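*Asks:* This is the structure I have questions about; it appears just below.
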Amino acid sequence: MKIQSCHKSQDCNEENPAELDKMFQSKFDGEKVFADWVTDEFSLPYGKLLNYVHMGYLSEYEKTKLIIVNSGRIVSIKDFENIVYDKKRLSRFDYKKWHRKIFRILNRKINWDNLPTDEEDWWFEDVELTITKEGETKIKIPEVLDEKYEKEVSRVLSHLKWEIVKRFGEPYEDKLYFEVVFDFKTKRIVDDILKTSD
């Protein structure tokens, strides 16, 4: 770690080496400083990048190293696996793959007789898919006008299994969102986002 000098005799910038003797005085032993004021936890993600998030440090990696420091001393180092890989389950991090699979299943298994017929021959719903801690699927349509839509989509998709993901060893619940367009004229489920129905 590089410390830039912010002593009042110098400007704080990369060209000025840190004057550790002036900054830390008796804590400086001639080479380094023992940071006995630090008591904290440091989370260091590593391994394969699972999910890139363009915001701070929210991106998810397959492993995490947790370093616990008390009064400048490392008291514990723990390694955590953040994902339980399973080829038989869907990965929530592969957006195009799970999205296409969901619409293929909807088109193959939707029973149109279980849905109300819209006077315009089409209908759309915003679907909220919850992945439970166990990797199970729960379906909700928050602003549904006819519960038949939610009931039928849930019947078709509730069997889906997802890879389990964790934070510091604990599985967590996640939510996915997508729009479903019911085309009653062609008897197809259309995805406006990926422009596909199969």
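The values are calculated or read from the model by the stated rules, or taken from the named source; none is laboratory data. Just so we're clear, the structure is a prediction, and the values are computed from it rather than from any experiment. Positions of Cβ are generated from backbone atoms using ideal geometry, with glycine treated the same way; all protein chains shown enter the neighbour counts.
*Asks:* Can you tell me which of Leu50, Leu44 is within 27 Å of Phe178 (Cβ to Cβ), in a strand (DSSP E or B) and either modelled with pLDDT of 95 or more or in contact with a strand residue (DSSP E or B) (Cβ under 8 Å, 6 or more places away or on another chain) (or both)?
*Replies:* Leu50
*Asks:* Within region 39-62, work out how many residues are of a type in the set (A, V, I, L, M) and either in the same structural domain as Val165 (by TED's automatic domain parsing) or surrounded by 13 or more Cβ atoms within 10 Å (Cβ to Cβ) (or both). Steps first, answer last, please.
*Replies:* Taking region 39-62 first, the residues of a type in the set (A, V, I, L, M) are 44, 49-50, 53, 55, 58.
When the remaining residues are screened for being either in the same structural domain as Val165 (by TED's automatic domain parsing) or surrounded by 13 or more Cβ atoms within 10 Å (Cβ to Cβ) (or both), the result is 50.
Total satisfying the criteria: 1.
*Asks:* Here is a follow-up. So which of Lys32, Lys101, Lys48 is of a type in the set (D, E, K, R) and touching a Lys or Arg at 6+ places or on another chain (Cβ under 9 Å)?
*Replies:* After applying the criteria, what remains is Lys48.
*Asks:* Now, a different point. Could you list all residues from region 28-54 that are within 30 Å of Arg92 (Cβ to Cβ) and touching a residue at least 12 places away in the same chain (Cβ under 8 Å)?
*Replies:* Listed by number, the residues that qualify are Glu41, Phe42, Ser43, Leu44, Pro45, Tyr46, Gly47, Lys48, Leu49, Leu50, Asn51.
*Asks:* Does Glu62 satisfy being part of a strand (DSSP E or B), under 24 Å from the mean Cα position of the chain (by Cα), farther than 22 Å from Asp174 by Cα and not aliphatic (A, V, I, L, M)?
*Replies:* no
*Asks:* Please find, among Lys65, Lys101, Lys88, the residue that is on the phi < 0 side of the Ramachandran plot, assigned by TED's automatic domain parsing to the domain that holds Gly135 and among the charged types (D, E, K, R).
*Replies:* Only one candidate passes the filter, namely Lys101.
Yes/no matrix, rows are residues, columns are (1) among the hydrophobic types (A, V, I, L, M, F, W, C); (2) within 24 Å of Tyr85 (Cα to Cα); (3) buried (at least 16 other Cβ atoms within 10 Å of the Cβ):
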position	(1), (2), (3)
Thr117	no, no, no
Phe124	yes, no, no
Glu134	no, yes, no
Glu150	no, no, yes
Val153	yes, no, yes
Lys161	no, yes, no
Glu170	no, yes, no
Lys175	no, yes, no
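*Asks:* Only residues that are touching a residue at least 40 places away in the same chain (Cβ under 8 Å) and among the hydrophobic types (A, V, I, L, M, F, W, C): list them for region 145-159, please.
*Replies:* Scanning region 145-159 gives Val153, Val156, Leu157.
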